[in-house]
Every structure is written in C-alpha cells, then in structure tokens.
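The values are calculated or read from the model by the stated rules, or taken from the named source; none is laboratory data. Being a predicted model, the structure only gives us computed values, none of them experimental. Here the Cβ positions follow ideal geometry from the backbone for every residue, glycine too, while neighbour counts run over all protein chains shown.
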Amino acid sequence: CNSRFRWRRLPQFFNYPPYFTLQPVRDTHEKQIQLGKELILDYCKSQKIFLIGVEEDFPLFSNSAIDRSLSHEAKKTFLSAIVGEGRAEWLDKGHRKCLILWHRIQDWADIILQFVSHM
C-alpha cells in the first residue's frame with residue numbers, strides 16, 4: 001500500500017486487476033464507475049485536492065503493486081461521470097484538466113447560505 005494513502009485503507013477492489021480495465025458488461029461497468037467516482041471524491045476531499053490532470057500522475061490512476069494503470073479512456077470515463085453528477089467541471093475543451101468540487105454547486109450554495117444565516 002502506497003504511503004500517500006494514510007487517509008484510509010484502499011478498498012479491496014483497488015487490488016483487483018479488472019478494476020483497471022473498463023468492463024464491457026453494463027451492470028459491471030456501472031458498478032465499476034460508481035466505485036471509481038466514490039474513491040476519487042473521497043481521496044480528493046481528504047487530501048484537499050481540487051485539480052486532476054488526466055495526463056498527470058494521479059495516485060488512484062495506477063496500482064504498482066499489481067502493475068496496473070487506467071487507460072486514458074478509463075480516466076476520462078471516471079472523471080466524466082463525476083462531472084455528470086455536478087461534482088466536477090472540465091477546465092478545458094480537450095478534457096485534460098478537471099476541477100473537483102467535492103459538493104455540487106447548489107450544495108455549496110446551501111452550505112454558504114446556512115453559514116451566513118447563522119452568523
């Protein structure tokens with residue numbers, strides 16, 4: 001286990017080689033994307049990471065212990081799913097940099113409004 005993951009234990013599926021290959025069966029693919037989204041969001045929130053570059057070295061895009069890495073397509077699929085939920089935004093037309101929001105814009109607005117109203 002990589003020392004950068006002291007935030008919590010990596011989930012078991014991270015050591016499962018098929019996780020690093022986009023699965024062709026729809027139900028399996030959907031589950032894979034859900035697990036990937038949750039892992040990326042949890043990690044970014046705990047490590048206070050706001051920006052992910054698809055072409056940069058991001059710890060959750062590979063697992064050296066099993067010699068596996070996500071393909072460029074898989075990285076974009078995971079990040080696009082997060083964008084689709086409103087929890088991230090692409091910063092460029094080529095979808096190379098992704099701004100992680102942790103919360104949806106509306107959720108941030110609610111948080112700020114609640115904070116201000118209790119001052």
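The table below lists the values:
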item: Set 48, 31: member being without any contact (Cβ under 8 Å) to a residue 40 or more places away in the chain, over 18 Å from residue 11 (Cβ atoms) and not aromatic (Phe, Trp, Tyr); result: 48
item: Among the residues listed as 54, 83, 25, the single one being exposed (fewer than 15 other Cβ atoms within 10 Å of the Cβ) and of a type in the set (A, V, I, L, M); result: 25
item: Hits in the range 81-96 - residues which are farther than 18 Å from residue 37 by Cβ and within 15 Å of the chain's Cα centre (by Cα); result: 96
item: Candidates 48, 31 - the one that is within 17 Å of residue 101 (Cβ to Cβ), over 11 Å from the mean Cα position of the chain (by Cα) and of a type in the set (Lys, Arg); result: 48
item: Selection from the range 71-94 of residues that are part of a loop (DSSP other than H, G, I, E, B), at pLDDT 95 or above and touching a Leu at 6+ places or on another chain (Cβ under 9 Å); result: 71, 91
item: Residue, nearest to residue 37 (Cα to Cα), within the range 97-119, restricted to residues that are of a type in the set (A, V, I, L, M, F, W, C) and free of Cβ contacts under 8 Å to residues at least 12 places away in the same chain; result: 108
item: When residues of the range 58-70 are limited to those that are in a strand (DSSP E or B) and touching a strand residue (DSSP E or B) at 6+ places or on another chain (Cβ under 7 Å), the one surrounded by the most Cβ atoms within 10 Å (Cβ to Cβ); result: 68
